[in-house]
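The structure under discussion appears below in the form of structure tokens.
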Amino acid sequence: MNLTDKTLIITGASSGIGRAAAQVFARAGARLVLGARREGVLIDIAGAITAEDGEAVALAGDVTDPDYAAALVALAETEFGGLDGAFNNAGQVGEMGPIPDMAEETWRGVIDTNLSSAFFAARAQIPALRRRGGGAMVFTSSFVGYSNGGLPGMGAYAASKAGLIGLVQSLALEHGPEGIRANALLPGGTRTPMAGDDPSGHQTIADLHPLKRLAEPEEIAAAAAFLLSDHASFVTGAPILADGGVSARLI
Ligand SMILES: NC(=O)c1ccc[n+]([C@@H]2O[C@H](COP(=O)([O-])OP(=O)(O)OC[C@H]3O[C@@H](n4cnc5c(N)ncnc54)[C@H](OP(=O)(O)O)[C@@H]3O)[C@@H](O)[C@H]2O)c1
């Protein structure tokens, strides 16, 4: 992995995939702006990176707030002199259940956190990437919303994650000529707090995957690092599966 001298935003950096990405990206040489709501956790993670001679700053906030998206970009520019890319990764599952029983606030909460946040992020990040002469954005989607993995009860989540694929296609078309790439990363089941800590629940999800296990968050972070690196220089507008084969089984 080589992210030397790239300044990158990571959202959802306080936990799971985003937290692993902070470590993987820092070790690959990136300068980081870390985002999530839990300030204390973010400060600890940034401190651990700095202690290993990496560079990271933290700014807590809510990705459903467009001003927060702008503030993360402003911090990248003031602290590190510009922005080269972003791992727009924060997300939530929301309450699961069939659509007729779904509360409107569940729908709106999931769509705001997972999809509207991506719009706010891209809108804030594109001008900064343009000032830099190009860059890359990765949005964490999911196998749910693509193959759905055979998991019912996730209508709002699936819609939000499928929406990200349409968004990156548009971003790729509109900003490819400026050297700006946009991709959706579709993890399979991954061992993070979002997947819970019930071993039988883990086993059920693992069994959906041909690899018969969950991903470790570092494996998904490695795929994100590739997409943000120059090694992925001709990859844009794509749903990139890192899903242990679950979609191959179902599509
Ligand atoms: N785990 C899986 O099996 C799996 C599979 C496919 C896709 N994904 C996707 O991967 C991404 C990361 O999930 P994860 O598995 O790492 O889950 P996680 O451990 O629960 O982490 C979620 C992260 O998102 C942040 N977040 C949530 N809502 C936020 C908000 N409104 N504003 C700011 N930050 C917010 C959380 O931080 P705070 O609580 O500190 O705000 C946390 O850092 C998500 O988009 C998820 O949908 C996960």
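When peptides 203-214, 185-196 are ranked by their average number of other Cβ atoms within 10 Å per residue, the highest-first order is 185-196, 203-214. Distance between the pseudo-spin-label points of ARG249 and ARG37 (7 Å out from Cα toward the beta carbon): 3.3 nm. Over all directions, the projected convex hull of the C-alpha atoms in segment 7-250 averages 12.5 nm² in area. Rolling a 1.4 angstrom probe over segment 7-250 with all protein chains present gives an accessible area of which 55% lies on carbon and sulfur atoms. Accessible area per residue (1.4 Å probe, heavy atoms of protein chains only) ranks VAL24, VAL144 as VAL24, VAL144, with the largest value leading. In the assembled protein chains, SER116 presents an accessible area of approximately 30 Å² (probe radius 1.4 Å). Remark: relative contact order (the chain) = 20 percent; criterion is Cα-Cα distance under 8 angstrom and separation of 6 or more residues. Taking a point 7 Å from the Cα of ASP53 along the Cα-to-Cβ direction, the residues of segment 22-47 with backbone N closer than 18 Å to it are 23-32, 47. Probing with 1.4 Å while keeping every protein chain in the model, the per residue accessible area of the chain equals 44 Å². Each residue, ARG131 and ARG213, gets one label point 7 Å from its Cα in the Cβ direction; the gap between the two is 4.4 nm. Spin-label pair SER116-THR78: with each label point 7 Å from Cα along the Cα-Cβ axis, the two points sit 2.6 nm from one another. Among residues other than ASN2 with Cβ under 11 Å from its Cβ, the summed charge is 0 (Lys and Arg +1, Asp and Glu -1). Taking a ≥ b ≥ c as the square roots of the Cα gyration tensor eigenvalues, segment 34-91 comes out oblate, since a/c reaches at least 1.5 and a/b does not exceed b/c.
The distance linking segment 6-45 with segment 64-137 is 15 Å (Cα centroid to Cα centroid, whole angstrom).
The values are calculated or read from the model by the stated rules, or taken from the named source; none is laboratory data. No experiment lies behind these values; they were computed from the predicted model shown. Don't worry about glycine lacking a Cβ; one is built from the backbone with ideal geometry, like all the others, and counts go over all protein chains shown. Heads up: the accessible areas ignore ligands, DNA and RNA and are worked out on the full protein's heavy atoms, side chains in. Shrake-Rupley method; radii C 1.70, N 1.55, O 1.52, S 1.80 Å.
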